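Here the structure is laid out as structure tokens; the discussion comes afterwards.
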Amino acid sequence: MGQNFCSCSVQYIKGYDDLPDRITEHSAMRKNSMVSFKSHKIVTTISLAPIPDSSKPQHHHSHHHHHRHSGHHGIKHIKYKHSKQRKQNKHHKRHDDMKTLSITINETESSQSDDGLNLLPPIALENMNGNCDESLINETMMVMYREGFCEGDDGESLIPMNTITRRSLTEMDIDGISNILSNKLQLNHIISRCPERYHFMKWKCLYSLLNHGCSMQTFYRNTEDMQQSVLIIKDQSNNIFGAFLDSKWKAEYHHYTGSNECFVYKFHFEANEYSVFEYHHTGDKPYFVQSDYDGITIGAGECPAIYIQNDLLLGRTTKSDTFTNEALSSSIFKIKDIEIWCPHFE
């Protein structure tokens, strides 16, 4: 089964068209006022279709033909279910969309069913290789679940709020391929989650542990003067995680840099889908990144979201007060590869 995004008791709203990460939208929660929503946890999911087994004979009987066009048997879909009252009346006002939406991932034969709207058309795995057609990226849709807070009526209290929307994947200008995310669509996915002002720039890999070796001096030399970067880590258990950072890589002892646009993330893979879990700054302990020749710390030092020791071969992860993330891998992990991707003007 799919990931259980959230089990807390919070208020949901139906996703408006392409809500940005920070929205200002009318809401029934505060009549005749505006609601400011800031998300601190974002989950983006892309559904994958299995590759047909070419060794098996293809049948062309009418009942098989029906199944090929009605959907993909056994594919996991994300649906959001409306309340019974909303099903009976399609002309309710927008404030009825505030009714709780249940997020379920079900086994289904149909891409469109009576009990909900399928938000996640599957992508064929055979098209997901390193040289996938760029048009595939442009046409890829993902489900975006966001968890955050909005201001209360008093302007000070915070009310938990979740949203779920469908959004197309942004095509990025990427020079080269990744040894960690050899799937071009997945590399495009995580880079596209960076702030939009970096979307028009060309992204290159400036450091790779496999290609450049486990030297902190080489690491800092290769990434010198780069203000923004995406860190990608693969550990010996094949977990993939990392961070987006908007500060230069410098060996400055006990000096934290970065802004609240920094975030940490992890990939979660299943047979027929994968998700990227992002954890953004919650407002507490704004200690984003600190790097020196002793290692790299992302998140508050006593409980870092990611710590990489100076040999670049061992690290640890834990829940961080900076990002309120869960552990991104096992608490102590051995590193198989590290990559640093940075944007350039060209």
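The values are calculated or read from the model by the stated rules, or taken from the named source; none is laboratory data. None of the values given here were measured: they were computed from a predicted structure. Cβ atoms come from the backbone with ideal geometry, glycine included; neighbour counts cover every protein chain shown. To get the accessible areas, we keep the full protein, side chains included, count just its heavy atoms, and leave off ligands, DNA and RNA. Shrake-Rupley method; radii C 1.70, N 1.55, O 1.52, S 1.80 Å.
The Rg/Rh ratio for segment 279-346, using Cα coordinates for both the radius of gyration and the Kirkwood hydrodynamic radius, is 1.01.
Translational diffusion coefficient, Stokes-Einstein: compute it for segment 194-290 using the Kirkwood radius over C-alpha pairs as Rh, at 4 °C and 1.567 mPa s, and state it as an integer in µm² s⁻¹. Answer from the Stokes-Einstein relation: 86 µm²/s. The lysine pair tally for segment 146-272, using Cα distances under 17 Å and a gap of 8 or more places or different chains, is 6. Once the Cα-Cα distance is subtracted from the 0.36 nm per residue extended length, the ASN238 to LEU210 segment shows a gain of 8.6 nm.
For GLU156 and LEU314, the difference between the fully extended length at 0.36 nm per residue and the C-alpha to C-alpha distance is 52.7 nm. Within the accessible surface of segment 269-322, defined with a 1.4 Å probe on protein heavy atoms only, the carbon and sulfur portion equals 49 percent. Taken per residue, the accessible surface of segment 191-289 reaches 43 Å², heavy atoms only and a 1.4 Å probe. For segment 280-294, list residues with backbone N below 15 Å from a point placed 7 Å from the Cα of HIS254 toward its Cβ? The answer is 290-294, whose backbone nitrogens lie closer than 15 Å to the label point. For segment 188-285, the relative contact order works out to 18 percent when only alpha carbon pairs closer than 8 Å and six or more residues apart are counted.
Residues whose amide H lies under 5 Å from that of MET226, counting only those 5 or more places away or on a different chain, are TRP249; hydrogens are built 1.01 Å from N in the peptide plane.
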